[in-house]
Amino acid sequence: MQFGIAVCQYISYFLFLFLIAYYVILNLQWYNYDPIRVITKHHKWHWHVYYCMIPIGCYFLLLPFYFGIVFYLYMYIIFLPFFVLWYKKLDKKLVWTARVKRYFFFVAVCCLFCVGIVTQNHYTTIVANSIQILPVLLGMLCSILCEYILFKGYAKLAYTKLMNRQNLRIIAITGSYGKTSTKNFVAQILQQQFKVYATPRSVNTLKGLVSDINNNLDSDCQIYIAEAGARNRGDIAAISQLLQQHYGIIGKIGKAHIEYFKDIQTTIQTKFEMLHSKRLIKAFVQKDNEYPKDFSPIYTENLKKIIAYPPEIKYTESTLDGTKFCMYIDSAWVEFETSILGTFNIDNIAVAILLAKEFGMEISKIQKAVATLTPIPHRLQKILTPHKIILDDSFNGNLEGMSEAIRLSSLHNGRKVIVTPGLVESDEESNSTLAKYIDSVFDLVIITGDLNAKILDTYITKPKKILLKNKSDLESILATTGQQNDLVLFANDAPSYV
């Protein structure tokens with residue numbers, strides 16, 4: 001009897017510890033394994049209370065009493081069922097990477113170690129419980145140390161691989177937004193003449209680039225195009241020191257991710273760390289960008305290598321069918337036409353054209369490449385269905401891009417529907433401006449999540465509004481509210497933890 005009770009107690013303990021560890025690593029994965037961001041930047045901090053703090057508090061307060069019966073009732077009747085329901089509703093679940101598996105290995109080892117200490121010593125219940133909850137923390141600390149050691153080795157391998165490839169030309173792209181689109185346009189044009197490899201999807205952190213270089217960069221590649229993202233000062237500098245890129249692109253700098261940089265000047269200084277390359281040949285900088293007030297001596301020498309883009313543009317036409325523009329190149333006006341939507345994409349295409357010229361491609365070949373550019377999935381991508389026009393702009397999270405998507409939507413003759421959470425990682429002023437744009441164009445507004453629900457609801461007054469807290473209901477809402485010949489704009493998308 002006693003043995004059976006002990007087994008049940010240990011099973012319950014391991015299950016409880018697993019759930020807490022699972023919650024911790026899931027949140028770390030969402031926020032790029034940065035514990036500070038998990039604590040300070042989480043948009044639904046009450047989840048930390050419900051799924052971590054209260055369960056651990058109950059573990060300490062209830063388990064010592066009544067032989068733990070109250071705690072076990074709480075765990076199996078309240079905590080476990082609600083945890084499962086919460087997890088099922090998440091749209092961004094845990095990805096079982098090698099790092100995650102190592103984390104759980106360390107938690108398991110620390111768990112067995114702590115249980116062994118408790119069983120061999122006569123501790124009070126409170127002390128024993130304190131020791132037995134430590135594996136989550138110890139496992140995370142061991143994981144952080146292990147990943148740091150492994151990363152240092154991987155980073156050195158990646159750097160050596162790049163430096164040994166003397167004929168490889170490297171292009172690095174940064175900016176507040178438009179990085180992925182620019183990267184893809186540059187790659188699509190240059191691959192008409194060269195062996196090109198570009199970082200996949202939105203891989204743009206130092207760790208992501210190190211892994212990509214080591215695992216995916218082929219030996220016969222002639223041009224490597226890397227996207228460089230940042231959350232803190234020094235992030236772009238670290239990427240530049242790894243890549244030592246020959247060409248840099250600094251796209252439009254704005255208020256995207258302002259909650260991380262705090263002010264626009266810090267954002268500007270961070271993006272201009274793109275000049276931290278000893279091999280820099282040219283740096284293409286969007287002409288509307290403000291320059292840093294204090295230039296670092298490290299890259300002052302590279303200031304003379306900056307080229308402002310785009311060059312002079314005229315005859316711009318941007319509709320739901322595509323984009324046309326003329327660009328002044330080599331003392332002549334050259335016309336370009338593409339199926340890519342959005343006037344803001346002219347800048348992205350223009351810098352790709354300038355790079356193609358830099359690499360020696362003929363204008364006629366560049367024109368053909370621009371004409372065949374394919375839209376980037378989820379970035380102002382037009383999808384035609386038998387009953388609707390869908391503008392999928394769900395990966396776009398900046399005011400300029402969303403405003404252009406709204407302008408294009410206004411060109412549609414039928415009913416217009418927008419599905420949006422507003423601007424994430426932005427300020428209240430930008431969201432109120434966005435709300436006013438939405439208010440003037442759309443007939444139905446579906447607000448997903450509660451992050452910006454209050455401010456959007458305040459400034460959107462004309463169209464019908466639906467507040468959707470659970471995104472799993474979106475499909476049924478669209479089915480019941482949709483009409484023939486609707487245009488549906490998916491403007492930005494925020495995962496459920498936001």
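The values are calculated or read from the model by the stated rules, or taken from the named source; none is laboratory data. Quantities reported herein were computed from a predicted structural model and do not represent experimental measurements. Here Cβ is always computed from backbone atoms with ideal geometry, including for glycine, and neighbour counts include all displayed protein chains. Surface areas here come from the heavy atoms of the whole protein model, side chains and all, with no ligands, DNA or RNA. Shrake-Rupley method; radii C 1.70, N 1.55, O 1.52, S 1.80 Å.
Worth pointing out:
- One residue alone among 392, 443 is in contact with a Phe, Trp or Tyr (Cβ under 6 Å, 6 or more places away or on another chain), open to solvent by 10 Å² or more (accessible area, probe 1.4 Å) and under 26 Å from residue 472 (Cα atoms), and that residue is 392.
- Total residues in segment 399-418, condition buried (at least 22 other Cβ atoms within 10 Å of the Cβ) and not in a helix (DSSP H, G or I): 3
- Among residues of segment 24-70, those that are modelled with pLDDT of 80 or more, over 25 Å from residue 145 (Cα atoms) and assigned to a loop (DSSP other than H, G, I, E, B), counted: 3
- One residue alone among 270, 266 is buried (at least 21 other Cβ atoms within 10 Å of the Cβ) and either at pLDDT below 95 or not in a helix (DSSP H, G or I) (or both), and that residue is 270.
- Qualifying residue in segment 352-371 (condition: under 22 Å from the mean Cα position of the chain (by Cα), within 14 Å of residue 189 (Cα to Cα) and surrounded by 14 or more Cβ atoms within 10 Å (Cβ to Cβ)): no
- Among residues of segment 395-417 that are over 12 Å from residue 380 (Cα atoms) and at pLDDT 95 or above, those with a beta-carbon under 6 Å from a residue that is part of a helix (DSSP H, G or I) and open to solvent by less than 20 Å² (accessible area, probe 1.4 Å) at least six positions away or on a different chain give the pairs 416/409.
- Residues within segment 178-198 that are surrounded by 24 or more Cβ atoms within 10 Å (Cβ to Cβ) and part of a loop (DSSP other than H, G, I, E, B), tallied: 1
- Some residue of segment 66-83 being of a type in the set (Ser, Thr, Tyr), surrounded by 15 or more Cβ atoms within 10 Å (Cβ to Cβ) and more than 30 Å from residue 475 (Cβ to Cβ): yes
- Residues being part of a loop (DSSP other than H, G, I, E, B) and farther than 15 Å from residue 366 by Cα - total across segment 304-338: 6
- Condition met for residue 431 (modelled with pLDDT of 90 or more, surrounded by 14 or more Cβ atoms within 10 Å (Cβ to Cβ), farther than 27 Å from residue 385 by Cβ and not β-branched (Val, Ile, Thr)): yes
- Residue 178 meets the conditions (1) modelled with pLDDT under 95; (2) over 21 Å from residue 340 (Cα atoms) in every case but one. The failed one is (2).
- Flag for residue 377 being without any contact (Cβ under 8 Å) to a residue 60 or more places away in the chain, surrounded by fewer than 18 Cβ atoms within 10 Å (Cβ to Cβ) and under 23 Å from the mean Cα position of the chain (by Cα): yes
- None of 281, 329 is among the β-branched types (Val, Ile, Thr) and open to solvent by 60 Å² or more (accessible area, probe 1.4 Å) except 281.
- Considering only residues in segment 332-351 that are acidic (Asp, Glu) and closer than 20 Å to residue 408 by Cα, the one that is surrounded by the most Cβ atoms within 10 Å (Cβ to Cβ) turns out to be 347.
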